[in-house]
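Only one structure is covered here, and it is reproduced in the block below.
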Amino acid sequence: GHEDFRPRIVPYYRDPSKPYKKVLRTRYIQTELGFHERLFVAVLTSKATLNTLAVAVNKTVAHHFPRLLYFTGLRSAKVPHGMVLVAHGDERPIWLMYETIHYIHQHFGSDYDWFYIMQDDTYAQAEQVKALVTHLSINQDVYLGRAEEFIGGDEQARYCHGGFGYLISRSLLLKLHPHLDSCRNEILSVRPDEWLGRCIIDFLGITCVSQLQGQHYHTYELAKNTEPEKEEEDGFQAALAVHPVPDMTLMYRLHKRFRIRMHSLFVQMQIRNLTSLTPAGEAGLTWPVGINAPFLPKSRFEVISWDYFTEQHLFSCPDSSPKCELSGASKADVSEIIESALEQLNSRYQPLLRFSKRQLLNGYRRFDPTRGMEYMLDLLLEAVTQKGHSHVLAKRVSLVRPLSKVEIIPMPYVTEATRVQLVLPLTVQDLDFVANFLDMFAMNTLDTHDNALLTLLFIYHPYDAQRVSQVDVFAGVKAMVGELEKRYAEVKIPWISVKTEVPSQVKLMDIVSKKHPVDTLFFLASVWTEINMEFLTRCRMNTISNWQVFFPVHFQEFNPALVYRSEQTASSSTDFLRDGHFDRYSFAEACFYNSDYMTARTKLAADILDRDEVLESMEVFDVFLHYSGLHLFRAVEPGLVQKYALRSCNPRLSEELYHRCVLSNLEGLASRSHLAMALFEQEQANST
């Protein structure tokens with residue numbers, strides 16, 4: 001009569017009479033094993049309270065639940081930011097409840113074990129609700145909440161009051177769904193929670209309970225003019241849900257009251273634990289003492305990965321290569337951590353034992369934003385006793401380099417009214433893109449009367465410069481500039497002509513710098529840049545004279561021929577920042593003041609003396625990085641979008657600049673999935 005739980009090997013057998021069918025594996029083992037997420041929360045709201053009470057729920061408890069959606073009959077014209085809203089198109093309460101249960105079953109019934117339904121005038125303690133479901137068995141049909149009697153109904157039957165929220169298990173939801181249409185047609189009620197309770201009782205024979213499997217669903221009914229800060233009743237302290245909450249202010253006050261209480265309990269528990277653990281020297285829940293507990297991920301995507309290293313190499317490199325030499329600050333960091341580990345070991349075990357390092361076997365480190373840099377070291381140690389006997393052993397040690405005190409750094413005041421001087425270098429290869437650049441410049445700056453000017457820098461090849469009197473390669477661009485100046489009488493767009501075979505960014509900037517005042521704010525642009533007011537404002541705010549320069553990382557769209565392959569239309573304004581990537585290899589765009597550039601350039605000139613060929617291997621970014629001492633603000637810039645174009649990489653430039661240009665072209669082709677699909681289609685075409 002006893003079941004045999006020992007594992008047994010089931011031999012693989014395929015029926016030869018049946019056709020072979022490829023088995024599709026899921027991406028995650030959790031999906032293949034049928035694991036479900038723990039808790040889904042549905043908040044019932046309305047058009048009248050969507051921008052008030054629903055927003056208060058979203059700001060107080062929404063981020064404490066793993067998944068939360070808002071359900072309403074009718075929606076307002078503008079949905080509050082950060083809220084996922086489902087509108088059913090009808091404000092009738094019973095219809096809203098019916099559609100909500102149907103929607104939850106259809107979209108989330110197979111993904112979650114528990115479903116918590118609450119109203120927007122309910123304050124729920126998210127942490128306690130999550131703790132409750134961890135103590136309940138998922139194998140039972142659960143209908144848990146504040147049990148209420150039906151008016152004039154059976155004394156034994158109960159429904160869960162919707163104002164205090166209620167919990168439904170997945171098994172109950174699956175059994176209930178086939179009967180929803182019958183409930184909608186046969187059960188009459190004015191209250192949606194009573195209608196749902198009657199539906200569950202009539203068709204499944206399950207009544208609402210307030211206690212199950214030793215767990216209690218505590219609630220508290222707020223009286224009028226309640227002061228949450230003064231509530232000391234045991235029922236209020238233990239409540240999972242509080243109702244009714246008539247306004248946003250009271251919701252925020254309740255949240256503050258419960259969060260302070262929970263934090264106080266947490267601190268008291270930590271003090272008790274530390275009191276018992278500190279004399280023994282054992283690690284407590286918040287090891288080290290006084291440092292925040294490690295970050296606890298709420299999903300697989302929040303898990304902080306560890307980086308592996310040895311004393312010579314790092315296996316998580318900035319350039320994404322699998323292995324690189326440990327040097328600089330990283331090498332100093334590892335050496336200091338090993339020395340600190342030995343000091344701690346010797347201080348703990350001396351004079352009985354004295355440790356010395358033989359070798360670092362394995363090293364792991366990760367940055368936890370809540371506490372600092374964490375380390376795990378596997379050390380091969382030689383332990384020497386007081387009598388001189390030695391023994392080699394391996395020992396794992398854990399260390400934390402805590403974050404220091406956070407300080408607010410004073411920043412100089414900047415203004416959005418500063419005039420921006422755009423500088424656009426142009427070569428012969430850029431002629432096809434100039435028209436679009438000028439059109440965007442006129443539309444986004446000249447038409448809007450933005451305080452921005454443009455200077456063109458024509459870069460002639462020596463051969464083209466000799467023939468400029470007969471054939472000017474930039475004649476078309478000069479004609480377009482003339483048309484703009486006719487259209488905007490108050491606007492003048494000057495240009496500067498330069499003859500060179502190697503268009504060094506630093507040499508070009510030297511020419512422009514001498515022709516403008518020292519207080520000029522430059523924006524060094526590229527011909528593929530689409531100028532807009534949003535970016536120009538950030539250029540002004542992020543560039544501070546004698547303090548900070550700004551090097552934005554533009555968003556580069558992928559090659560539409562590979563991304564869409566004549567099957568879809570190109571991305572429009574509604575698909576903002578899609579089908580592309582931020583080009584981290586490009587340093588062509590920059591915002592800086594002329595005075596800062598002249599200061600850094602003077603230091604560079606003193607360093608290289610008369611070796612001007614060095615400038616061909618440098619960009620403006622390198623000048624500020626090595627010779628300015630200013631803050632270099634390098635950040636992605638969503639307002640700086642560039643259409644796809646194959647850049648022309650000049651082989652006369654330095655090897656590093658040429659290599660970055662090639663990498664920028666390659667990574668700008670398409671994403672991995674798009675490239676894989678293109679290769680697959682090409683192989684399919686070749687095979688046929």
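The values are calculated or read from the model by the stated rules, or taken from the named source; none is laboratory data. What you are looking at is a predicted structure, and each value in this text was computed from that prediction instead of being measured. FYI the Cβ positions are ideal-geometry reconstructions off the backbone, even for glycines, and counts take in every protein chain you see. Ligands, DNA and RNA are stripped out before the accessible areas are found, and what is left, the full protein with its side chains, is counted by its heavy atoms. Shrake-Rupley method; radii C 1.70, N 1.55, O 1.52, S 1.80 Å.
When you go through Phe633, Phe587, Phe621 one by one, which is the residue that is of a type outside the set (Gly, Ala, Ser), modelled with pLDDT of 90 or more, open to solvent by less than 50 Å² (accessible area, probe 1.4 Å) and in contact with a helix residue (DSSP H, G or I) (Cβ under 7 Å, 6 or more places away or on another chain)?
Phe587
Restricting to strands (runs of 3 or more DSSP E) lying wholly in the stretch 38-127: which have 3 or more residues that are open to solvent by 10 Å² or more (accessible area, probe 1.4 Å)?
85-87, 112-119
Just to verify a result, which residue in the stretch 416-445, among those that are in contact with a helix residue (DSSP H, G or I) (Cβ under 7 Å, 6 or more places away or on another chain) and more than 30 Å from Pro462 (Cα to Cα), is surrounded by the fewest Cβ atoms within 10 Å (Cβ to Cβ)?
My answer is Glu416.
Any chance the stretch 603-614 includes a residue that's over 26 Å from Thr537 (Cβ atoms), acidic (Asp, Glu), open to solvent by less than 70 Å² (accessible area, probe 1.4 Å) and outside any loop (DSSP other than H, G, I, E, B)?
Among the residues of the stretch 603-614, not one is over 26 Å from Thr537 (Cβ atoms), acidic (Asp, Glu), open to solvent by less than 70 Å² (accessible area, probe 1.4 Å) and outside any loop (DSSP other than H, G, I, E, B), which makes the answer no.
Checking the conditions here, which among Ser316, Ser299 is of a type outside the set (A, V, I, L, M, F, W, C) and surrounded by 16 or more Cβ atoms within 10 Å (Cβ to Cβ)?
So the residue among Ser316, Ser299 that is of a type outside the set (A, V, I, L, M, F, W, C) and surrounded by 16 or more Cβ atoms within 10 Å (Cβ to Cβ) is Ser316.
Identify, by number, the condition in (1) touching a residue at least 40 places away in the same chain (Cβ under 8 Å); (2) under 22 Å from Gln556 (Cα atoms); (3) surrounded by fewer than 13 Cβ atoms within 10 Å (Cβ to Cβ) that Lys643 doesn't meet.
Of everything listed in (1) touching a residue at least 40 places away in the same chain (Cβ under 8 Å); (2) under 22 Å from Gln556 (Cα atoms); (3) surrounded by fewer than 13 Cβ atoms within 10 Å (Cβ to Cβ), Lys643 misses just condition (3).
Checking Lys492 against (1) outside any loop (DSSP other than H, G, I, E, B); (2) open to solvent by 10 Å² or more (accessible area, probe 1.4 Å): exactly one of these is not met. Which one?
(1) is the only condition that Lys492 fails.
Only residues that are more than 26 Å from the chain's Cα centre (by Cα) and assigned to a helix (DSSP H, G or I): list them for the stretch 645-664, please.
Selection gives Glu655, Glu656, Leu657, Tyr658, His659, Arg660, Cys661, Val662.
Just name the residue that is farthest from Ala131 (Cα to Cα) out of those in the stretch 7-48 that are at pLDDT below 90 and of a type in the set (Ser, Thr, Tyr).
Among them, the one singled out is Ser17.
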